[in-house]
Amino acid sequence: MISMIRYLLASYTRSYRYFAPLAFIIISVMLIYSYRPNPIMSSYAVTSALLFIGSAWLGLNFFNHDQGRQSMLLIIHSGKPIRYYSAQYFTAALLSMIFSLFAVLFPVLFGMFDKPISLLEFALGYLGHVALALLGISLSVFFQFGFIENQGRAAGLLIIIMVISLAGQTLQQKIPSNIGFIIYVLPPVSTTIDLFMHIEDRSAISTFVTILYSYLYSFILLAIYLWTVCRKDAAALIRKVG
């Protein structure tokens, strides 16, 4: 698995497709903190939302960077399809975790906040950023070339879902109560952002449950993705064998 992750990282960096999402994340974070001082958790709410967008963009680029040309060879090399697809996901997740650390650590190192940050605030900030970054990665896997061949359409659909997810709290107030359950089907992006915005009013249990739900949602998406792609590969193999 480790050697596969190393290979995928090298392959992705050689493609130079990482530059656009990486530049978006770095420039966005630096622009947010271009003025000081800034409130801690409210600033983290903004940068975590930007990281969600950047990670979805990165994921879409990462899963499409070789257009599946090497997939079959790598699956054979890894022994099982699930190992290859898991390595793919964890490679993208590792990149998003590194970017999350940058987004959380940058304002701390350069003194951008209006007061000293506590260890608890830093930990919550990092966990929240990783949660939204993983949500972005987990959504992007379903819009890669193997699922939707028209990548213009795939990008458009992904953007729509991201916008709806970011506006979840607002939609909850607008839609009729009899279809309010739809909000709970959406990725919990807006709830995590709302948590950061109103952290002072939340209990420890509410904070824990909100962040845990975000991770659980990503895990469910990953499980669905792995189950789907492994079935697709099995079906393709059966067709080739006859």
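Note on the chain: helix-only mean residue ellipticity at 222 nm, from DSSP H runs of 4+ residues weighted -39500 (n - 2.57) and normalised by residue number, equals -25500 deg cm²/dmol.
GNM remark for the chain: springs join alpha carbons under 10 Å apart, and the peak mean-square fluctuation among MET97, MET72, MET162 falls on MET72. Taking the Cα atoms of the chain, the ratio Rg/Rh between the radius of gyration and the Kirkwood radius comes to 1.00. Each peptide among 10-17, 217-224, 131-138, 184-191 gets the average number of other Cβ atoms lying within 10 Å of its residues, and from highest to lowest they stand as 131-138, 184-191, 217-224, 10-17.
Measuring with a 1.4 angstrom probe and ignoring ligands and nucleic acids, ARG36 comes out at about 150 Å² accessible. Accessible-area rank, largest first, for TRP227, TRP57: TRP227, TRP57, with all protein chains present and a 1.4 angstrom probe. The per residue volume of the convex hull around the alpha-carbon atoms of the stretch 113-189 is 140 Å³. Peptides 165-172, 48-55, 84-91 ordered by packing proxy, namely the average of other Cβ atoms within 10 Å per residue, highest first: 48-55, 84-91, 165-172.
Among complete DSSP H helices in the chain, those whose alpha-carbon atoms stretch at least 15 Å along the helix's long axis and whose mean Kyte-Doolittle hydropathy reaches 0.0 are 2-15, 19-32, 40-64, 81-109, 119-140, 151-166, 204-241. Taking amide H positions as modeled 1.01 Å from N, with prolines and chain starts lacking one, the residues under 5 Å from ASN38 and 5 or more places away or on another chain are PHE113, ASP114.
The values are calculated or read from the model by the stated rules, or taken from the named source; none is laboratory data. Nothing here was measured: the structure is a model prediction, and the numbers come from that model. Backbone-built Cβ (ideal geometry, glycine too); neighbour counts: all protein chains shown. We work out accessible area using only protein heavy atoms, side chains counted, and drop any ligands, DNA or RNA first. Shrake-Rupley method; radii C 1.70, N 1.55, O 1.52, S 1.80 Å.
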